[in-house]
Amino acid sequence: MVNIAELTSILNEKGKMWAYQTVATFLKSLEKKNMIQSCKKGKILYYFPIVPEEKYKTKTTENFLNTHFSGSLKNFLIAFTDSKHFTAKELKELREWFDSIDK
C-alpha cells in the first residue's frame, strides 16, 4: 500500500517529477477503472492494486489500440514499419511470434 505523498516521492526519486495533485488525479482515475482500491488509515488515504500487473498492461494496451488504431494490431505495426523502427532481429522475433500463434 502506498499513499499519494509516498508515491510522489518515489516517482521524483526516479526522475519523473510528478506533482502531488497529478499523482492524486492519476490514482483516482485508476480507482474509477477498478484497477486499484483505497482505504483510509487515520487521515491518510492508501492505495493498493486489485488486479495483477499483467491484466493492467493488457487492458491499457487494448485501450491504446482502440483509441489510436481502431483496435487494429496491423495498423499499429504499420505505424512503426513506415518509420523503419524495426531491426532485423526484431523482425525475425516478430515472424517467430506470429508463426507460434498461428499454430
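Would you work out the relative contact order for the chain, in percent, from Cα pairs under 8 angstrom that are 6 or more residues apart?
Numbers: 61 pairs, mean separation 17.3, N = 103.
About 17 percent, as a whole number.
If you wrap the Cα atoms of the chain in a convex hull and average its projected area over all directions, you get 9.4 nm².
According to the square roots a ≥ b ≥ c of the eigenvalues of the Cα gyration tensor, what is the shape class of segment 54-101, taking rounded for a/c under 1.5, prolate for a/b larger than b/c otherwise, and oblate for the remainder? The shape class here is oblate. Residue-normalised convex hull volume from the C-alpha trace of segment 1-56: 83 Å³ per residue.
Relative to the dominant Cα principal axis of the chain, helix 20-32 is inclined by about 70°.
Relative to the longest principal axis of the Cα atoms of the chain, the long axis of helix 53-69 lies at roughly 60 degrees.
To the nearest 10 degrees, how steep is helix 88-101 against the longest Cα principal axis of the chain, on a 0 to 90 scale? For 88-101 against the chain, the angle is about 90 degrees.
A straight line joining the Cα centroids of segment 56-97 and segment 20-52 runs 30 Å.
Each residue in Thr8, Thr61 was given a count of other beta-carbon atoms within 10 angstrom of its own, and listing them fewest first yields Thr61, Thr8.
Taken together, the values in this text are just the output of simple stated rules run on the coordinates, not laboratory data. Nothing here was measured: the structure is a model prediction, and the numbers come from that model. Note that each Cβ is placed from the backbone with ideal geometry, even for glycine, and that neighbours are counted across all protein chains shown.
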